[in-house]
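Engineer: Got a structure here, written out as structure tokens. Questions coming.
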Amino acid sequence: MSATAPPAPTGLERPTRGEVVRRFVQGDLASLRVILGLVVIWVIFQSQNDRFLTAVNLTNLMLQITAVGLLSVGVVYVLLLGEIDLSVGAVSGLGAAVVAVFNVKHGWNPYLALAAGVIVGTAIGAVQGALFTGFGIPSFVVTLAGLLTWQGALLYILGDTGTINVTDSKIVGLANTFYSDAVGLTMALVAIGVYAAATLWALRKRVVAGLADRQLTGPLIRIVVVAAAVIAAVAILNSDRGVPLAVLILVGFVAGMEYIARRTRFGRHVYAVGGNAEAARRAGINVHAIRVIVFAIAGSMAAIGGIMQMSRLLAVNQGSGGSDLLLLAIAGPVIAGTSLFGGRGSVWSALLGALVIGSISNGMDLLALQSSVKFMVTGGVLLAAVIVDAIARRQRQAAGRV
């Protein structure tokens, strides 16, 4: 009696519990790890101060993380290449200053002034990318020089005044516009519908390509979880001042840039270059162009983040883009699972990381802790995230999955 050979694996089997644990350890489920960490952070601060999870404070938290989150969107793309951009903080301040100078001092139309600020950020990023790529200079050195240069440019264009107050309603309204309950609920339903349609369409394409089975349980669970999270978030925001335009701008950029990273040829090329630049070059990818475009994206997002910060604070000054903004913009995505070694990560890590960093900062402010403690705690969290990333990388190497 001959033994029957076991069926060959199809690649469509449901993951076992051990497989889920392995993926969690190796970093494939980084978002889940960050969400669990965020829940723990919120529980701790709520236990210490019952105002932390109030609608007013959560709305303020979302407004506070908008600028950092937008900067982090560009930083994620740079990290996916395995590079670093130390100039994004200075570029954000310079972009905001350009808008303020043109609008307030020269009377430009607010939309033209906003466009000018973003264009300056894009041009700076493209120039730094070209220098890094064309001359083979490490991105660390190029952007460190950029940090110093653009800080000087900020001081120069602000002149002797040092501070420019912004009063134009179009610019100020970017961070100070709130929508009614009905509008917020409508936008939530539209967002849920779009996500559900995109999820089911992606499943259909994978089924047709033979990459997935027809089981709807997983996609339906994701749709339900996202729908519940969106409705809960809108309900909380509506119970205070309403859904802020700033939050919609942040989520819109995160979702759009995530789509580009995951669903377009350019995005796949970014991951390929970050994973192995030489292999990508041999595959016909224009590595130089990809790098220049990515740094241009980082410069654009830095300028947009700086403009949002200016809109919320109603002014730009010599300290704009300074302090811990650069640290937070880089730390957020790393904490949320984007690898410093390139080729691994998600643009959603910009939002999740900003939430983690912002929650820690906001909670410590409510507890009236000193700035020295805030810096040490944030640095410790960043170090822990880097260690987790390094361990996950070793696990993947041991499993032959790099």
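Engineer: Identify all residues within the range 329-341 that are open to solvent by less than 30 Å² (accessible area, probe 1.4 Å) and of a type in the set (A, V, I, L, M, F, W, C); write none if there are none. Outline the logic, then answer.
Structural biologist: From the range 329-341, those open to solvent by less than 30 Å² (accessible area, probe 1.4 Å) are 329-339; that's our starting set.
Listed by number, the residues that qualify are ALA329, ILE330, ALA331, VAL334, ILE335, ALA336.
Engineer: What is the one condition in (1) under 14 Å from LEU94 (Cβ atoms); (2) touching a helix residue (DSSP H, G or I) at 6+ places or on another chain (Cβ under 8 Å) that LEU155 does not satisfy?
Structural biologist: Single failed check for LEU155: (2).
Engineer: Any idea how many residues of the range 275-318 are polar (S, T, N, Q), surrounded by 15 or more Cβ atoms within 10 Å (Cβ to Cβ) and assigned to a loop (DSSP other than H, G, I, E, B)?
Structural biologist: Going residue by residue through the range 275-318, those that are polar (S, T, N, Q) are 276, 286, 300, 309, 311, 317-318.
Still in the running and surrounded by 15 or more Cβ atoms within 10 Å (Cβ to Cβ): 276, 300, 309, 311, 317-318.
Remaining after also requiring assigned to a loop (DSSP other than H, G, I, E, B): 276, 318.
Total meeting the criteria: 2.
Engineer: Among the residues of the range 188-219, which ones are part of a helix (DSSP H, G or I), touching a residue at least 12 places away in the same chain (Cβ under 8 Å) and open to solvent by 60 Å² or more (accessible area, probe 1.4 Å)?
Structural biologist: Answer for the range 188-219, where residues must be part of a helix (DSSP H, G or I), touching a residue at least 12 places away in the same chain (Cβ under 8 Å) and open to solvent by 60 Å² or more (accessible area, probe 1.4 Å): TYR195, LEU200.
Engineer: Select from the range 102-156 the residues that are aliphatic (A, V, I, L, M), part of a helix (DSSP H, G or I) and surrounded by fewer than 17 Cβ atoms within 10 Å (Cβ to Cβ) and list them in ascending order.
Structural biologist: Within the range 102-156, the subset aliphatic (A, V, I, L, M) is 104, 112-116, 118-120, 123-124, 126-127, 130-131, 137, 141-142, 144-145, 147-148, 153-155.
Then keep just the ones that are part of a helix (DSSP H, G or I); that gives 104, 112-116, 118-120, 123-124, 126-127, 130-131, 141-142, 144-145, 147-148, 153-155.
Matches in the range 102-156: LEU112, ALA115, ILE119, ALA123, VAL127, ALA130, VAL141, LEU144, ALA145, LEU148, LEU155.
Engineer: Follow-up question, since we're still on this one. Among (1) modelled with pLDDT of 50 or more; (2) of a type in the set (A, V, I, L, M); (3) in a helix (DSSP H, G or I), which single condition is LEU53 missing?
Structural biologist: Going through (1) modelled with pLDDT of 50 or more; (2) of a type in the set (A, V, I, L, M); (3) in a helix (DSSP H, G or I) one by one, LEU53 breaks only (3).
Engineer: Now for a separate question. Could you check how many residues of the range 36-94 are open to solvent by 30 Å² or more (accessible area, probe 1.4 Å), under 16 Å from the mean Cα position of the chain (by Cα) and over 30 Å from THR149 (Cβ atoms)?
Structural biologist: So the count comes out to 1.
Engineer: Quick check: is even one residue across the range 85-94 within 29 Å of SER339 (Cα to Cα), part of a helix (DSSP H, G or I) and of a type in the set (S, T, N, Q)? Give the derivation first.
Structural biologist: Pass one, the range 85-94, residues within 29 Å of SER339 (Cα to Cα): 85-94.
Then drop every residue that is not part of a helix (DSSP H, G or I), which leaves 88-94.
Filter again for of a type in the set (S, T, N, Q), leaving 92.
Yes.
Engineer: With respect to the numbered conditions (1) of a type in the set (Lys, Arg); (2) touching a residue at least 40 places away in the same chain (Cβ under 8 Å); (3) in a helix (DSSP H, G or I), which one is the sole condition not fulfilled by ARG241?
Structural biologist: So ARG241 meets the others, but not (3).
Engineer: Residue by residue through the range 331-348, note down the ones that are closer than 23 Å to VAL377 by Cα and at pLDDT below 90.
Structural biologist: ALA331, GLY332, VAL334, ILE335, ALA336, GLY337, THR338, SER339, LEU340
The values are calculated or read from the model by the stated rules, or taken from the named source; none is laboratory data. Bear in mind the structure is a predicted one, so any value in this text is a computation, not a measurement. Here Cβ is always computed from backbone atoms with ideal geometry, including for glycine, and neighbour counts include all displayed protein chains. Just the protein is used for accessible areas: all its heavy atoms, side chains included, with ligands, DNA and RNA removed. Shrake-Rupley method; radii C 1.70, N 1.55, O 1.52, S 1.80 Å.
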